[in-house]
1. Return yes when Tyr294 is surrounded by fewer than 16 Cβ atoms within 10 Å (Cβ to Cβ) and within 23 Å of Lys100 (Cβ to Cβ) and no when it is not.
2. If you take the residues in region 34-53 that are in a helix (DSSP H, G or I) and under 22 Å from Asn5 (Cβ atoms), which one is nearest to ligand 1 (Cβ to nearest atom)?
3. Among the helices (runs of 4 or more DSSP H) confined wholly to region 159-257, which include 3 or more residues that are buried (at least 18 other Cβ atoms within 10 Å of the Cβ) and of a type outside the set (A, V, I, L, M, F, W, C)?
4. Report yes if some residue within region 437-451 is of a type in the set (Lys, Arg) and within 16 Å of ligand 2 (Cβ to nearest atom); otherwise report no.
5. Restricting to region 4-21, what's the tally of residues that are out of contact with any Leu (no Cβ under 8 Å at 6 or more places or on another chain) and either at pLDDT below 95 or over 21 Å from Tyr110 (Cβ atoms) (or both)?
6. Looking at (1) in a helix (DSSP H, G or I); (2) farther than 29 Å from Gly169 by Cα; (3) open to solvent by 30 Å² or more (accessible area, probe 1.4 Å), which is the only condition Tyr385 fails?
7. Just give me the residues in region 45-67 being within 19 Å of Cys26 (Cβ to Cβ) and open to solvent by 60 Å² or more (accessible area, probe 1.4 Å), in sequence order.
8. Please specify each residue of region 127-173 satisfying the condition of being hydroxyl-bearing (Ser, Thr, Tyr) and either under 16 Å from Thr214 (Cα atoms) or within 18 Å of the chain's Cα centre (by Cα) (or both).
Amino acid sequence: MKIKNICCIGAGYVGGPTMAVIAQKCPHINVTVVDINADRIAAWNDEDVSKLPVYEPGLDAVVAEARGRNLFFSTDVDKAIDEAEMIFMSVNTPTKTYGKGKGMAADLKYIELCARQIARVAKDDKIVVEKSTLPVRTASAIKNILDNTGNGNGIKFQILSNPEFLAEGTAIADLMNPDRVLIGGDTTPEGQEAIQALVDVYANWVPEEQILTTNVWSSELSKLTANAFLAQRVSSINAMSELCEKTGADVNEVAKAIGMDSRIGPKFLKASVGFGGSCFQKDILNLVYIAKTYGLDEVADYWEQVIIMNDHQKRRFADNIVSTLYNTVSGKKIAFLGWAFKKDTNDTRESAAIYVADDLLNEQAKVSVYDPKVVAERMYADLDYLNTRTAEENREGLEVCKDSYQACEGAHAIAVLTEWDEFKTYDWKKIYDQMQKPAFVFDGRGILDKEQLKEIGFVYYKIGEGE
Ligand SMILES: NC(=O)c1ccc[n+]([C@@H]2O[C@H](COP(=O)([O-])OP(=O)(O)OC[C@H]3O[C@@H](n4cnc5c(N)ncnc54)[C@H](O)[C@@H]3O)[C@@H](O)[C@H]2O)c1
Ligand SMILES: O=c1ccn([C@@H]2O[C@H](COP(=O)(O)OP(=O)(O)O[C@H]3O[C@H](CO)[C@@H](O)[C@H](O)[C@H]3O)[C@@H](O)[C@H]2O)c(=O)[nH]1
């Protein structure tokens, strides 16, 4: 079966870049990305590609090439479903904030709405692809909805699981050159035919030996497992960072030493102020919840520790600022360099900066933030969402600066929360001269030049480095 029309429901951080790359690599396939959020779709259609709703290096060029040719962004969900042979579901699956499983389970309401809409609109057979990250066995619920709420005129649906492994900030490179593409489907002949149709799409640019096919459950569970393993590495090195600080060891040296063991490998061993992003915490909590529902308490506790360690890492970074600044930051200006959860993205979901700022605001600090890509409204929305204080108090306590030197002017301390490259290129002498003395730097990403900063006169604290 040759796919000619693809629809993707959800024009977010995954749907947008993923479909843009499919469209660029497959000029013979029409790709329509739809969303109920009209502002987001308008931004995807903005003639000025610097205004796209997602910032990713290289994305603007891919969109500029394919948009209007075979890549379309629209709010007409029904039309796109009707015209497509293959429909990707790339909607959000956040942690539930209510009812059973609150604070742990994945909220599947958006996925269910998608499935119901597909069932209502479809007039012919469709391949439905789970692109969102979902709990293992969700495909059976989707199949049930599709088979039982549809037009009832013999339309057949095949469900595939095709989790996305891109990381933000490197999304385009990851999509162009993925370590692997994973496709799970039914073992029936129809299931295998559907799998092949999706393999054929990716095979336009991904070597076939890197396209892995499995049963649906393995595919769904592999996504949660991959994120759990990755996050576990970060929590493991962060746990060692605290021990390094107490013992005089240097976590970067430890990471290098263990990373040269080919069984461990060098990647994902960078100690930090704590991992953020929309996926790690949500997916591990979901994994913990699934394990608990099967009565696997030891499995659940094992993975929950990754989150506990991460929360501790964020908190101890804030605590260290307070204790180093003579046990009070009340009325003191603390400059934040970075708000995004990692460099090269405007995404702030679960960013460590939010929680560190919240802790410092509780201590009555005045926080001033500079981030090259995150807008002020986003930062305030992040803080308001925590419900710790009123929106007005958040705006009084946190100032957003368009210029990094302005953010640091008159500050008692600087905290580096995101590893943006530009922070390394600043005139640190100029920054020092305009700060209160002693001038402290708390480098939560370990990116600045310690010797240079110390020579200038800064009191420099780096995560994971003891005296
Ligand atoms: N962000 C990542 O880096 C990443 C990577 C891999 C996997 N994932 C997974 O991909 C999924 C999507 O993540 P995201 O970061 O793109 O989320 P997102 O919030 O950026 O985008 C989801 C979009 O879906 C839209 N939507 C929701 N319900 C809809 C409906 N019924 N009809 C039409 N549009 C609808 C929303 O308006 C939103 O624009 C999640 O399951 C996530 O876990 C994310
Ligand atoms: O050595 C490291 C590596 C990462 N991080 C932090 O961990 C978080 C997550 O980083 P990263 O994994 O690079 O970004 P994400 O976009 O969250 O990507 C993860 O989550 C996606 C969503 O599921 C998956 O698709 C990706 O494979 C997976 O890497 C960020 O706050 C990083 O700063 C560290 O602190 N130290």
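1. yes
2. Arg40
3. 216-247
4. The answer is yes; a qualifying residue exists.
5. Going through region 4-21 one residue at a time, the tally reaches 2.
6. The failed condition is (2).
7. Once the filter is applied, which keeps residues that are within 19 Å of Cys26 (Cβ to Cβ) and open to solvent by 60 Å² or more (accessible area, probe 1.4 Å), region 45-67 yields Ala61, Ala64, Glu65.
8. Ser132, Thr133, Thr138, Ser140, Ser161, Thr170
The values are calculated or read from the model by the stated rules, or taken from the named source; none is laboratory data. What you are looking at is a predicted structure, and each value in this text was computed from that prediction instead of being measured. Because the Cβ atoms are built from the backbone with ideal geometry, glycine has one as well, and the counts that use them run over all protein chains shown. Quick note on the areas: whole protein, heavy atoms, side chains included, nothing else; ligands and nucleic acids left out. Shrake-Rupley method; radii C 1.70, N 1.55, O 1.52, S 1.80 Å.
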